[in-house]
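Contents: one structure, followed by commentary.
The values are calculated or read from the model by the stated rules, or taken from the named source; none is laboratory data. Computed from a prediction, not measured in an experiment: that's the story for all the values here. We place every Cβ from the backbone using ideal geometry, glycine too, and count neighbours over all the protein chains shown.
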């Protein structure tokens, strides 16, 4: 695997439980092989809510969307690591 790092806001631990309950989080950075990516995380329940709120003809789009079992620091970091290790990072849009 190429050089990899995953960055959460410094104070993330202070509100991690709140993020987990909300089921989504924007504000993580993944760096792989010198390229920086902003990742957006949803859990399945929150993503389902977003999709159910679409009106006829509506749409939902989120760049670099990653769905995880639960939106916690450890789940997000593990998902980012899996993206980097599986070479699926090539499907992400760099910053």
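Looking across the stretch 27-47 at every residue that is part of a strand (DSSP E or B) and over 14 Å from residue 73 (Cβ atoms), the one that is nearest to the chain's Cα centre (by Cα) is identified as 40. The listed residues are 62, 56, 85, and the only one of them that is modelled with pLDDT under 95 and touching a strand residue (DSSP E or B) at 6+ places or on another chain (Cβ under 6 Å) turns out to be 62.
Does residue 76 qualify as being outside any strand (DSSP E or B) and either touching a helix residue (DSSP H, G or I) at 6+ places or on another chain (Cβ under 8 Å) or within 16 Å of residue 6 (Cα to Cα) (or both)? Here the answer is yes, as residue 76 does meet what is asked. In the set (1) touching a residue at least 40 places away in the same chain (Cβ under 8 Å); (2) surrounded by 15 or more Cβ atoms within 10 Å (Cβ to Cβ), the condition left unmet by residue 75 is number (1).
In the stretch 3-26, the qualifying residues are those that are free of Cβ contacts under 8 Å to residues at least 40 places away in the same chain and assigned to a loop (DSSP other than H, G, I, E, B), and the one that is farthest from residue 89 (Cα to Cα) is 11.
Residues 93, 71, 66: which one is closer than 28 Å to residue 3 by Cα and more than 11 Å from the chain's Cα centre (by Cα)? Break it down into steps so the answer makes sense when it comes.
Values: 71 fails: more than 11 Å from the chain's Cα centre (by Cα); 66 fails: more than 11 Å from the chain's Cα centre (by Cα).
None of the other options fit; the residue is 93.
Contact map, the stretch 46-59: first residue without any contact (Cβ under 8 Å) to a residue 40 or more places away in the chain, second residue exposed (fewer than 13 other Cβ atoms within 10 Å of the Cβ) and part of a loop (DSSP other than H, G, I, E, B), Cβ cut-off under 8 Å, separation 6 or more or different chains; pairs are 50/60; 51/60; 54/60.
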